[in-house]
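This report refers to the structure that appears directly beneath it.
The values are calculated or read from the model by the stated rules, or taken from the named source; none is laboratory data. Just so it is clear, the model here is predicted, and its values are computed rather than measured. So basically every Cβ, Gly included, is an ideal-geometry build from the backbone, and we count neighbours across all protein chains shown. SASA here: full protein model, heavy atoms, side chains in, ligands and nucleic acids out. Shrake-Rupley method; radii C 1.70, N 1.55, O 1.52, S 1.80 Å.
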Amino acid sequence: MFRTLAFVALLPPMALAEPAQRIVSIGGSVTEIAAALGATARLIGRDTTSTYPPAVLDLPDVGYIRALSAEGVLALGPELIISEAGAGPREAVEVLRAAGVPFVEMPGDPSPDGILDKIDAVAKALDLPAEGAALRDAVASGLAMAKARAEAAPAPRKRVLFVLALQSGRVMAGGEGSSAEGIIHLAGAENAATGFKGYKQMTDEAVIAAAPDVILMMNREGDLAVANADVLAHPALGQTPAAQAGAMIRMDGMKLLGFGPRTPEAAAELHQSLYGN
């Protein structure tokens, strides 16, 4: 018995699993958080929405977050896949999970608390607890300032219509519960698009009835770009107080809607554009 115990005592301690070093990051805000945690060097692939910081643009692009190629992701040999909520298609995600590579999906609530939860989740997945706590504290401080600024916004609150795209002449807007509504509220304004959830097309009558003071859009290129001339020429948007006053704001899309580390900065920028203070 004593010889057995002595033999066991001489065994080397069990090695702890090393944190994943080959990581594919899917979703702009998740990639931004990973970079802010100091893990850029561990990233080996990204999705199309991951465009910040600029260093990640050198990584292989595995496709749009909702149109992923499982084969393209697996070809990179990842040890871990971290993703925003809503990655797809479902079949591709099932293939990735079945391949045995850990696939961690992060919380997707477009709110200040949701950002902090996402930071916690990414830090846990990357095994960076100290860095996660520091980033959480910094972002929480910025969000607290944004909330205070929003609460002090002058009345009446500006009514903002976020226009995602014009599809066949119809306005695709951000409704209740959308990330667009989240950032509008955090900037101290009201969402002019009500009565529906997420991003949907509005009828011309609904756009006119919304009567936005400001039209908010992303800086975009290509087929989905909405120029100021398109807004003014649109039969419904052109009749809104926003269009008639030329009150149109454009911002970087991922910064505006990503709900990541730059959200406090985005809220401050939008508040400044809306209220001038």
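Order Arg159, Arg42 by their accessible area, 1.4 angstrom probe, all chains in place, largest first.
Values: Arg159 85, Arg42 30 Å².
If we order Arg159, Arg42 from most to least accessible, we get Arg159, Arg42.
Defining a contact as two alpha carbons under 8 Å apart and six or more residues distant in sequence, what relative contact order in percent does the chain show?
Numbers: 486 pairs, mean separation 42.1, N = 277.
Across the chain, relative contact order equals 15 percent.
Does the range 168-245 come out rounded, prolate or oblate, given a ≥ b ≥ c as the square roots of the eigenvalues of its C-alpha gyration tensor, rounded meaning a/c under 1.5 and, failing that, prolate meaning a/b above b/c?
rounded
When Rg is the radius of gyration of the Cα atoms in the range 144-277 and Rh is its Kirkwood radius, what does Rg/Rh come to? Provide the component values of the computation, followed by the final result.
Values: Rg = 13.7 Å, Rh = 14.6 Å.
Ratio value, two decimals: 0.94.
Roughly how many nanometres apart are two label points built 7 Å out from the Cα toward the Cβ at Ala229 and Lys197?
Taking the two extended label points, one gets 4.0 nm.
If you plug each phi of the range 92-102 into the Karplus form 6.51 cos²θ - 1.76 cosθ + 1.60 with θ = phi - 60°, what whole-Hz ³J(HN,Hα) values come out, in order, with x for Gly and Pro?
Once rounded to whole Hz, the list reads 5, 5, 4, 5, 5, 5, 5, 6, x, 7, x.
In square nanometres, what is the average projected area of the Cα convex hull of the range 109-152?
Convex hull of Cα atoms, orientation-averaged projection: 2.9 nm².
Using Cα centres only, tell me the gap between the range 79-120 and the range 152-197 in whole Å.
Here the two parts' Cα centres lie 26 Å apart.
Tell me the relative contact order for the range 162-235 as a rounded percent, counting alpha carbon contacts under 8 Å between residues six or more apart.
Working: 93 pairs, mean separation 24.7, N = 74.
Relative contact order comes out at 33 percent.
Just need the Rg to Rh number for the range 61-220, please, alpha carbons only, Kirkwood Rh. It would help to have the intermediate numbers written out before the result.
Details: Rg = 19.0 Å, Rh = 18.2 Å.
Taking Rh as the inverse mean 1/r over Cα pairs, Rg/Rh reads 1.05.
Near the amide H of Ile44, under 5 Å away, which other amide H atoms are found, from residues 5 or more places off or on another chain, if H is placed in the peptide plane?
The list, which skips near neighbours in sequence, is Ile23, Val24, Ser25.
Once a ≥ b ≥ c are taken as the square roots of the eigenvalues of the Cα gyration tensor of the range 104-192, is the result rounded (a/c under 1.5), prolate (a/b larger than b/c) or oblate (a/b not larger than b/c)? Each step should come with its number before you reach the end.
Numbers: a/c = 4.08, a/b = 1.51, b/c = 2.70.
Here the range 104-192 falls in the oblate category.
Counting only protein heavy atoms and using a 1.4 Å probe, what share of the accessible area of the range 45-133 belongs to carbon plus sulfur, as a whole percent?
Numbers: 2340 of 4170 Å².
The value for the range 45-133 is 56 percent carbon and sulfur by accessible area.
Given labels modelled 7 Å from the Cα in the Cβ direction, how far is it in nm from Ala134 to Glu190?
That separation, rounded to one decimal, is 4.3 nm.
With point charges of +1 on the Cβ of Lys and Arg and -1 on the Cβ of Asp and Glu, referenced to the Cα centre of the chain, which listed residue (Met251, Ser178, Ser69) lies farthest in the positive direction of the dipole?
The residue sitting farthest along the positive end of the dipole is Ser178.
So what are the three principal axis dimensions of the range 17-76 from its Cα atoms, in whole Å, longest to shortest?
Each principal axis gives a Cα extent; for the range 17-76 these are 27, 27, 17 Å.
Ranked by accessible surface with a 1.4 Å probe, highest first, in what order do Arg157, Arg90 come? Write down the numbers at each step before the final one.
Numbers: Arg157 80, Arg90 150 Å².
Heavy-atom accessible area, descending, gives Arg90, Arg157.
With θ set to phi - 60°, apply the Karplus curve 6.51 cos²θ - 1.76 cosθ + 1.60 along the range 172-178 and write out the HN-Hα couplings as whole Hz, x wherever there is a Gly or Pro.
Computed from phi, the couplings for the range 172-178 are 8, 10, x, x, 5, x, 7 Hz.
Take Glu265 and Arg97, extend 7 Å from each Cα along the Cα→Cβ direction, and tell me the distance between the two endpoints in nm.
3.5 nm
Apply the Karplus parameterisation 6.51 cos²θ - 1.76 cosθ + 1.60, with θ equal to phi minus 60°, to every residue of the range 222-228 and state each ³J(HN,Hα) to the nearest whole Hz, in sequence, with x for glycine and proline.
So the J values, rounded to whole Hz, are x, 5, 8, 5, 10, 7, 4.
At 1.4 Å probe size, what's the solvent-accessible area of Leu135? Round to the nearest 10 Å².
Accessible area of Leu135: about 20 Å².
Report the gain in length on full extension from Arg170 to Gln244: 0.36 nm times residue separation, minus Cα-Cα distance, nm rounded to one decimal.
Details: separation 74, 0.36 × 74 = 26.64 nm, distance 1.89 nm.
Separation in residues times 0.36 nm, less the Cα-Cα distance, equals 24.7 nm.
Amide H neighbours of Val171 under 5 Å, counting only residues 5+ apart in sequence or on other chains, H built in-plane at 1.01 Å?
Met202
Shape call for the range 36-115 from the C-alpha gyration tensor, a ≥ b ≥ c root eigenvalues: rounded (a/c under 1.5), prolate (a/b greater than b/c) or oblate? Each step should come with its number before you reach the end.
On the way: a/c = 1.57, a/b = 1.13, b/c = 1.40.
It is oblate, given that a/c is not under 1.5 and a/b is not larger than b/c.
Pull up all non-local amide H partners of Ile249: gap of 5 or more, or a different chain, and H-to-H distance under 5 Å with H placed in the peptide plane.
Amide H neighbours of Ile249: Ile215, Leu216, Met217.
Among all the lysines, which ones have a C-alpha under 26 Å from Lys197's C-alpha, if same-chain residues fewer than 8 places away are not counted?
Within reach: Lys118, Lys147, Lys158, Lys255.
Just need the relative contact order of the range 100-218 here, percent rounded to a whole number, with Cα pairs under 8 Å and 6+ apart. Before the final figure, lay out the partial values.
Numbers: 171 pairs, mean separation 28.4, N = 119.
24 percent.
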